[in-house]
1. Could you tell me what percent of the accessible area of the range 108-250 is made up of carbon and sulfur, with a 1.4 Å probe and every protein chain present?
2. Using a 7 Å offset from the Cα along the Cα-to-Cβ direction at both residue 48 and residue 115, what is the distance between the two label points in nm, to one decimal?
3. Please give the per residue accessible area of the range 115-210, computed with a probe of 1.4 Å over protein heavy atoms only, in Å².
4. Of the peptides 140-153, 116-129, how do they stack up when ordered by the mean number of other Cβ atoms within 10 Å, highest first?
5. Take the Cβ-Cβ distance between residue 202 and residue 79 as r, set R0 to 30 Å, and report the resulting FRET efficiency rounded to the nearest 0.05.
Amino acid sequence: MSPSAVTKGPLAPTTEAKAKAPAAVHPIPVLDTPLAKGLSFARPALLLGLLAARFDALVSDPVSTLWSALPVVAVIQAVYAVLCLPGAGSQLAKAARKPRPGERKKNDMTGPDPISTALLSLVLTSIATPAVYALFVLFGAPLLDHVPHTILCSAHFALLGLFPVFYARGVNGEALVAVSGASAPLDETFGGLAGAVVGAWLGAVPIPLDWDREWQRWPVTIVVGLYGGSLLGGWASGALLYGRSLRGRA
């Protein structure tokens, strides 16, 4: 049997099958500049420091505190995204993909304007906030009571967990499905989202305990949990677990 016959056999991949094969979802790297590396490490410390400084105010007046902190967190997240992450559709966002055999690696690093990408990502984050609110209610948040508390908590969750994903991956359906299904490789954006989910879930544990503490009121522990989980999860995923999978495969 000739080699050409083997190649053309029924088990050989056809050109059409290759075209239909899904492309792999790759991790998003932090920009390789001293400024980006420094800001990537400084952002968790800055946000956690602000949370600690405003904790008493958060306990005494959650709605006012979360509302006044929202634009500050939005600016910090936008600056972080623009200076530290490749925008969706840019060549830097595709740089993690290894070129196929015979394919030349492009050196053109042009792409969408980072400021425009950040603004569009903020719009997508605002649109996604009601969906986050609905998920909070489905997982036990008060349905009719403390509605402003839950909406603001959802907005902070969206800013920390969803905004970096929208900025780096855009509306790529395959990538977003991989992220939502926890099959995407770990990086700062996906790790931040996963950490926010786990942190918010763990933050709900102290609420029903019969301790009669002021800080057990909704949604104080949820906010603390999602901030701690998102920032620590993003840092660990970018620095220690980059490229690994939550399902145990690299």
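1. Values: 4950 of 7150 Å².
Carbon with sulfur: 69 percent of the solvent-accessible area.
2. According to this spin-label approximation, the distance is 3.3 nm.
3. On the way: 4330 Å² over 96 residues.
Ligands and nucleic acids excluded, the result is 45 Å² per residue.
4. Numbers: 140-153: 15.9, 116-129: 17.6.
The most tightly packed comes first, giving 116-129, 140-153.
5. On the way: r = 28 Å, r/R0 = 0.94.
Computed FRET efficiency for residue 202 and residue 79: 0.60.
The values are calculated or read from the model by the stated rules, or taken from the named source; none is laboratory data. Just so it is clear, the structure is predicted and the values come from calculations on it, not from any experiment. For neighbour counting, all protein chains shown are included, and Cβ atoms are generated from backbone atoms with ideal geometry for every residue, glycine included. For the accessible areas, the whole protein counts, side chains as well, though only heavy atoms, and no ligand, DNA or RNA atoms are used. Shrake-Rupley method; radii C 1.70, N 1.55, O 1.52, S 1.80 Å.
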